[in-house]
1. Could you rank Val210, Val29 by how accessible they are, 1.4 Å probe, largest area first?
2. Treating the angle as unsigned and between 0 and 90°, give the value, to the nearest 10°, between the Cα long axis of helix 204-219 and the longest Cα principal axis of the chain.
3. Show that you can apply the helix-only estimate: for the chain, add -39,500 (n - 2.57) for every DSSP H stretch of four or more residues, divide by all residues, and state [θ] at 222 nm to the nearest 500.
4. Please determine, in degrees from 0 to 90 and to the nearest 10, the orientation of helix 132-147 with respect to the longest principal axis defined by the Cα atoms of the chain, where the helix direction is its Cα long axis.
5. With a/c under 1.5 counting as rounded, go ahead and sort the chain into rounded, prolate or oblate using the C-alpha gyration tensor (a ≥ b ≥ c being the square roots of the eigenvalues; past the cut-off, prolate if a/b is larger than b/c, else oblate).
6. Label 7 Å along Cα→Cβ of Arg35; segment 70-91 residues with amide nitrogen under 14 Å?
7. For Ser183 and Leu82, FRET efficiency with R0 = 30 Å and r from the beta-carbon atoms, rounded to 0.05?
8. Report the FRET efficiency, 1/(1 + (r/R0)^6), for Phe2 and Thr262, where r is their Cβ-Cβ distance and R0 is 45 Å, rounded to 0.05.
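The values are calculated or read from the model by the stated rules, or taken from the named source; none is laboratory data. Quick caveat: nothing in here was measured; it's all calculated off a predicted structure. Here the Cβ is made from the backbone with ideal geometry for all residues, glycine too, and neighbour counts use every protein chain on show. All accessible areas refer to the heavy atoms of the entire protein, side chains included, with ligands and DNA or RNA removed. Shrake-Rupley method; radii C 1.70, N 1.55, O 1.52, S 1.80 Å.
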Amino acid sequence: MFKVAVIGASGLLGRALVDELAQQADWQVVSTAFRRAGPSRVALDIRDEQAVGQFIEREAPDALVIAAAERRPDICENDPALARALNVDAVRTLAAAAGQRGAWVLSISTDYVFDGTHPPYRHDALPAPLNAYGRSKLEGERALTETIELGCVLRLPLLYGPTVDWAESAVTSLVPAIAASASDSPDVKAATMDAWAIRYPTFTPDVAFVIRQMLERRARGEAIRGIVQWSGDEPMTKYEIAIRLAEALQLEARLTPQHTPTDATPRPHNCHLDSSRLEALGIGRRTPFDTAIRQVLAKFPWQGGGGVGPA
Ligand SMILES: NC(=O)c1ccc[n+]([C@@H]2O[C@H](COP(=O)([O-])OP(=O)(O)OC[C@H]3O[C@@H](n4cnc5c(N)ncnc54)[C@H](OP(=O)(O)O)[C@@H]3O)[C@@H](O)[C@H]2O)c1
């Protein structure tokens, strides 16, 4: 039976992937997590080389998907050692252990490996990361490709999907400010939203579907190697995302566009990823943003949701 190990199954992408793989009745899936380990997720600290080796030896997966990472740019900027441990060294450790057993390794990377000045970016475009997060992910890509031949990097842009906490995604993290700006109180100010950086929000269940299609190739003995990219196809600034969120929530939000970047950590302007390598293989799915975001809002655990509810 084809066996897949999902490393970082408790995260935003990892959960969507485990849900998608559950539909594949003839595959076996083993999930790992760190802080959120539990009955359905094996505890594994990917910084612990010995524990990683024992896990791979015991489980003997045919494929490994690395969705564990430190993906918050501000944390990576302030703690480059942590960023390196998770985004570079752990990728090398996992890939070396999996490689010894002949497993195919798919490692998730980011559009932040590019500087955002010349979109769209093909998979073979020259990376030039602007911040510590992008640099660590680029080094992680290299760690994977240097360590094993049977490996693949999947670059993704801004993700959103079913969430347990607004802050999990830079898309849903806008909700509390949107909701607060819609208050009738005269003391409440408009919410200022970035109208400079162009993003291509990508729905985690679509990415999970793409990964399942890639795993199917591996199961058939046609493993995809090298670098591939997947992206949604609707360009939006955070200001435009906020307008669509407010519509979906039926809130009369007061939003002000901010046309110059204000982030403490430098972020690229537009890293649109060209998805044509996967498209040429017949791989891909894109749910329209307005449909997908309504699914996310409808599934959110609203009891703790900060006083707003879905339309
Ligand atoms: N989110 C985005 O917008 C975005 C955009 C482009 C690319 N990406 C990439 O997509 C991938 C998935 O991101 P995500 O948003 O799903 O991340 P996430 O929600 O922050 O999840 C991170 C995962 O890493 C695990 N983890 C953290 N420290 C660990 C450790 N020491 N040992 C083992 N596992 C550990 C976490 O486990 P616990 O929670 O159980 O501790 C969690 O499962 C990452 O490679 C990220 O760089 C994300």
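1. Details: Val210 0, Val29 50 Å².
Per-residue accessible area, sorted high to low, gives Val29, Val210.
2. That helix lies at roughly 10 degrees to the long axis.
3. Details: 11 runs with 110 residues, N = 311.
Calculated from helices alone, the mean residue ellipticity at 222 nm is -10500 deg cm²/dmol.
4. Between helix and principal axis, roughly 20 degrees.
5. Numbers: a/c = 1.78, a/b = 1.57, b/c = 1.14.
The shape class here is prolate.
6. What the label zone holds, given the 14 Å backbone N cut-off, is 70-72, 75-76.
7. Working: r = 37 Å, r/R0 = 1.25.
Calculated transfer efficiency: 0.20.
8. On the way: r = 47 Å, r/R0 = 1.05.
Approximately 0.45, to the nearest 0.05.
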